[in-house]
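**Student:** Below is the structure I would like to discuss, written out as structure tokens.
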Amino acid sequence: MRGRTLAAAATLAVVAAVAGYFGGRIHSRSEAAGAAAQVEPAAEHAILAKTSSNGASTTGAAPGIAQKLPAPRTPLKYVFADLQSRANAGDPAAATRLSRDLDLCRRYERLDRDNAKLSDELLGQAVDKMSAQQLKNYRAQLDAVESRGHNLGGLRALCDGASADMLASLVPNLQRAAQLGDAYARACYLDRGPNYDPASLLDHPQRLGDYRRSAQQMIDAGIESGDWQVVNLLRGAYEPGAANLLSAVVDKEAYQRYRYLKLFRLGAAADPAAADPAQLDKDLRAASMKLTTAQITQADAWAEQTFTRNFQGKPIGADGPLWDPCVFPYE
Amino acid sequence: MKRSILLGVAVIAAVTGAYFVGRADVSRPRAAASINADSAGVAAPAPTTDFTAPPTVIKGGVLPTAGTPLKDNFAKLQARANAGDVDAAGRLLRDLNQCTQLRATQWKNANATDTLTRKSTEGMSAAQLRTYQMLLDAAELRQQAQNDSQRLCDGVSDAMLDSLVPNIAQAARLGDERARACYLERGPLYDARSLLKHPDSIRNYRAAATSMIDAGLAKGDWRVVDLLQKAYEPGAQGLLAGVVGTDPAQHYRYLKLYRLGAEQHRIAQLDQQLAATAANLSEAQRAEADDWAQTKLRDFRGPSTNTTPPGWDACEF
């Protein structure tokens, strides 16, 4: 029962996001400014060139490659090849659009089924003994299922006819969008990497190597552009006992752990609701035990400078929910 | 409004987190240290298995006393597991699993206990004090469990820990049911850190999964049936789904078998699910799957839903 409720809540959240998606166009975080100066189709060779921009949505910061994106809801099967070749050529807006469309389509079947299950469960309930209030709630739930069904219809139009090969390209396209500066894609890719689509990893184990080779560059780009998601992911990856992919890429170095913790702590001072400063202080004290005084001084200075230069007082929560780096904005 | 909802969620998450933080999280391995294949201390190599050949299962005799330091037993257990001793393989993977998660548990427990003991009891009501005492008792129990783990895991090298997934696979091949369920569901993703160092473990998974499925079905293992019905379901994205490929007819077939073995209180919900799945099948497909499930049911004993309640964790050792 609890599982069903959670599933229903998750469905509700995602479908609400999808509804928003079809209401407007995709855009990236305002600070997600990256663009490629030169990108080869092999994602690991992509070169990041940070630029100032107000969003990677339709801009394409690399001159000469920005083009208008297809209208939202255009079936992916018709625009996949074009978006793919534009993404390969370094068009950040096309890469973002493609990775998010693929992400939605990869999840579509499950979303549709979950909504159908919820609908069946509701329709199976006996209404004759419900109180007036219960009936009111029941009707509201039915309306919600119907509304989600309508939104899923839009998603069906987007995803119908998308081939298995197209869907299997989600991870490399997420990686490409990340390398081209989409901060949401970067956070998701750093956190999950090829495990974001485990089934496709069976046919493409080389994606593990792609991840190992590209992660550091994304970490650097994230810190450079003041991305709290990246700092938070690093904080987790350096935690004792961390066992995710990112923790396998970064060293177990106490100095680095302290440095990122300190940076995060500086952000928490301005946004205590996002992270508990007292807890962070405790973590910092524990991390500092393994460092010399000189190392602590050096790490503190790095954190202060980086915070001032790259983060400029931006609240920690400004870069999306920290508890799930794979939540994408649809607006 | 949104902010208050977020705050509410954060508060609930914090409370829930505080409760669960100390529990030994056996469902997710935590590498206790970075994995270094060059580390000394592995006297017997992890199994290098031919996944296509049927294993020879032996009973290798008495196991070391539970809780004795793994560093002293590792080589012997590994050699016995490699030779096909199912009990040694099961013991080895469980000890390794416990050690793998020790460091994270240790760190989090220390944090949670510290927070708890620094809390002022001044002004607490009688009910609050009782709750506080219960939390303290729980912290003490966690500390005792942690001390036991420490005794077990002291001196265990990174290279030993690195052998966790191959040892789960070996125990699974030898017929350890829990290891089989865990390996089928998570495979090398169970230890993502080591996966990055050993991408070939993905190939091993593909090679091993099919024979493990066959063995599980032949043994009447409901865990395997439940994993299969989920893996075949259209939209499934796990590793097992990648091996078997999603297929509505197969999904129906395994769901039907699972339903035939279900306890009374789960039947209505499973029937609803079956009806939704059947809607995408032809009459002939459905009839064939129904027959198959009825026949196959003879190999199974006990209720399907008993070993696999909703939300069951395939890697709960």
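The values are calculated or read from the model by the stated rules, or taken from the named source; none is laboratory data. From a predicted model like this one, the values you see are computed outputs, not experimental measurements. Here the Cβ is made from the backbone with ideal geometry for all residues, glycine too, and neighbour counts use every protein chain on show.
**Student:** Out of region A:208-252, which residues are within 10 Å of chain B (Cβ to nearest Cβ), surrounded by fewer than 19 Cβ atoms within 10 Å (Cβ to Cβ) and acidic (Asp, Glu)?
**Tutor:** A:Asp251, the sole residue that qualifies.
**Student:** Here's a follow-up. A:Ser200: within 24 Å of the chain's Cα centre (by Cα), surrounded by 23 or more Cβ atoms within 10 Å (Cβ to Cβ), facing chain B (nearest Cβ under 10 Å) and modelled with pLDDT under 95, yes or no? Lay out the reasoning, then the answer.
**Tutor:** On the way: within 24 Å of the chain's Cα centre (by Cα): yes; surrounded by 23 or more Cβ atoms within 10 Å (Cβ to Cβ): no; facing chain B (nearest Cβ under 10 Å): yes; modelled with pLDDT under 95: yes.
So A:Ser200 does not fit the description; no.
**Student:** When you scan region B:268-293, how many residues do you find that are within 13 Å of chain A (Cβ to nearest Cβ) and aliphatic (A, V, I, L, M)?
**Tutor:** Within region B:268-293, the subset within 13 Å of chain A (Cβ to nearest Cβ) is B:268-280.
Next cut, aliphatic (A, V, I, L, M) only: B:268, B:270, B:274-276, B:278-279.
So the count comes out to 7.
**Student:** Is there a residue being within 14 Å of chain B (Cβ to nearest Cβ), in contact (Cβ under 8 Å) with a residue 40 or more places away in the chain and either on the phi > 0 side of the Ramachandran plot or among the basic types (Lys, Arg) (or both) anywhere in region A:166-184?
**Tutor:** No - not one qualifying residue is present in region A:166-184.
**Student:** If you go through region A:117-152 one residue at a time, how many are assigned to a loop (DSSP other than H, G, I, E, B) and either within 29 Å of A:Arg73 (Cβ to Cβ) or within 12 Å of another protein chain (Cβ to nearest Cβ) (or both)? Walk me through it before giving the result.
**Tutor:** Initial filter on region A:117-152 (assigned to a loop (DSSP other than H, G, I, E, B)): A:124-131.
Of the ones still in play, those that are also either within 29 Å of A:Arg73 (Cβ to Cβ) or within 12 Å of another protein chain (Cβ to nearest Cβ) (or both) are A:124-125.
Result for region A:117-152: 2.
**Student:** Still on this model: Collect the residues in region B:69-104 that are touching a strand residue (DSSP E or B) at 6+ places or on another chain (Cβ under 8 Å) and without any contact (Cβ under 8 Å) to a residue 40 or more places away in the chain, keeping them in residue-number order.
**Tutor:** Result: B:Ala83, single match.
**Student:** Can you tell me how many residues in region B:163-206 are outside any helix (DSSP H, G or I), in contact with a helix residue (DSSP H, G or I) (Cβ under 6 Å, 6 or more places away or on another chain) and within 11 Å of chain A (Cβ to nearest Cβ)?
**Tutor:** Kept after step one, since they are outside any helix (DSSP H, G or I), are these residues of region B:163-206: B:163, B:174-176, B:198-199.
Add one more test, that the residue is in contact with a helix residue (DSSP H, G or I) (Cβ under 6 Å, 6 or more places away or on another chain), and what stays is B:174-176, B:199.
Next, only the ones that are within 11 Å of chain A (Cβ to nearest Cβ) stay: B:199.
Residues that pass the stated criteria total 1.
**Student:** Do you know which residues across region B:170-209 are modelled with pLDDT of 95 or more and of a type in the set (S, T, N, Q)?
**Tutor:** Result: B:Gln170, single match.
**Student:** Restricted to region A:303-331, and to residues that are surrounded by 14 or more Cβ atoms within 10 Å (Cβ to Cβ) and among the aromatic types (Phe, Trp, Tyr), which residue is modelled with the lowest pLDDT?
**Tutor:** A:Tyr330
**Student:** Also: Just to check your reading of the model, which residue among B:Ala262, B:Ala236, B:Ala209 is in a helix (DSSP H, G or I), among the small types (Gly, Ala, Ser) and surrounded by 15 or more Cβ atoms within 10 Å (Cβ to Cβ)?
**Tutor:** Numbers: B:Ala262 fails: in a helix (DSSP H, G or I); B:Ala236 fails: in a helix (DSSP H, G or I).
None of the other options fit; the residue is B:Ala209.
**Student:** A further question follows. If you go through region A:76-97 one residue at a time, do you hit one that is within 12 Å of chain B (Cβ to nearest Cβ) and assigned to a helix (DSSP H, G or I)?
**Tutor:** Taking region A:76-97 first, the residues within 12 Å of chain B (Cβ to nearest Cβ) are none.
Looking through region A:76-97, none of the residues is within 12 Å of chain B (Cβ to nearest Cβ) and assigned to a helix (DSSP H, G or I).
**Student:** Quick check: anything in region A:120-140 touching a Leu at 6+ places or on another chain (Cβ under 8 Å) and under 23 Å from A:Ser200 (Cβ atoms)?
**Tutor:** Within region A:120-140, none of the residues are touching a Leu at 6+ places or on another chain (Cβ under 8 Å) and under 23 Å from A:Ser200 (Cβ atoms).
**Student:** Here is a check on your reading of the model: is B:Ala293 over 24 Å from A:Asp203 (Cα atoms), in the same structural domain as B:Leu195 (by TED's automatic domain parsing), loosely packed, with under 14 Cβ neighbours inside 10 Å and in contact (Cβ under 8 Å) with a residue 24 or more places away in the chain? Before you say what the answer is, go through the steps one by one.
**Tutor:** Details: over 24 Å from A:Asp203 (Cα atoms): yes; in the same structural domain as B:Leu195 (by TED's automatic domain parsing): yes; loosely packed, with under 14 Cβ neighbours inside 10 Å: no; in contact (Cβ under 8 Å) with a residue 24 or more places away in the chain: yes.
No: the conditions fail for B:Ala293.
**Student:** May I pose another question? Given the conditions (1) touching a helix residue (DSSP H, G or I) at 6+ places or on another chain (Cβ under 6 Å); (2) surrounded by fewer than 15 Cβ atoms within 10 Å (Cβ to Cβ); (3) small (Gly, Ala, Ser), and given that A:Ala287 satisfies all but one, which numbered condition is not satisfied?
**Tutor:** (2)
**Student:** Do you know which of the residues in region A:187-196 that are surrounded by 24 or more Cβ atoms within 10 Å (Cβ to Cβ) and touching a residue at least 60 places away in the same chain (Cβ under 8 Å) is farthest from the other protein chains (Cβ to nearest Cβ)? Can you show your working first?
**Tutor:** Kept after step one, since they are surrounded by 24 or more Cβ atoms within 10 Å (Cβ to Cβ), are these residues of region A:187-196: A:187-190, A:193-194.
Keeping just the survivors that are touching a residue at least 60 places away in the same chain (Cβ under 8 Å) gives A:187-188, A:190.
On the way: A:Ala187: 17, A:Cys188: 15, A:Leu190: 13 Å.
Among those that are surrounded by 24 or more Cβ atoms within 10 Å (Cβ to Cβ) and touching a residue at least 60 places away in the same chain (Cβ under 8 Å), it is A:Ala187.
**Student:** Just checking, does region A:156-168 include any residue being buried (at least 18 other Cβ atoms within 10 Å of the Cβ) and among the polar types (S, T, N, Q)?
**Tutor:** no
**Student:** Which residue out of B:Ala145, B:Ala139, B:Ala126 is free of Cβ contacts under 8 Å to residues at least 40 places away in the same chain, of a type in the set (Gly, Ala, Ser) and surrounded by fewer than 24 Cβ atoms within 10 Å (Cβ to Cβ)?
**Tutor:** Values: B:Ala145 fails: free of Cβ contacts under 8 Å to residues at least 40 places away in the same chain; B:Ala139 fails: free of Cβ contacts under 8 Å to residues at least 40 places away in the same chain.
Just a single option satisfies the conditions, and that option is B:Ala126.
**Student:** Okay, moving on. Any residue that is closer than 26 Å to B:Thr113 by Cα, part of a helix (DSSP H, G or I) and either out of contact with any strand residue (DSSP E or B) (no Cβ under 7 Å at 6 or more places or on another chain) or not charged (D, E, K, R) (or both) - is there at least one of those in region A:288-303? Reasoning before the result, please.
**Tutor:** Quick first cut of region A:288-303, residues closer than 26 Å to B:Thr113 by Cα only: A:288-291.
Applying the additional criterion that residues be part of a helix (DSSP H, G or I) yields A:288.
Filter once more, so that each one left must be either out of contact with any strand residue (DSSP E or B) (no Cβ under 7 Å at 6 or more places or on another chain) or not charged (D, E, K, R) (or both): A:288.
Yes, the conditions are met somewhere in region A:288-303.
**Student:** Can you confirm whether region B:231-238 contains a residue that is at the interface with chain A (Cβ under 9 Å from one of its Cβ atoms) and on the phi > 0 side of the Ramachandran plot?
**Tutor:** Scanning region B:231-238, I find at least one residue that is at the interface with chain A (Cβ under 9 Å from one of its Cβ atoms) and on the phi > 0 side of the Ramachandran plot, so the answer is yes.
**Student:** Let me ask something additional. Looking at (1) more than 14 Å from every other protein chain (Cβ to nearest Cβ); (2) assigned to a helix (DSSP H, G or I); (3) at pLDDT 95 or above, which one does A:Ala157 not meet, given that it meets all the others?
**Tutor:** The one condition A:Ala157 does not meet is (3).
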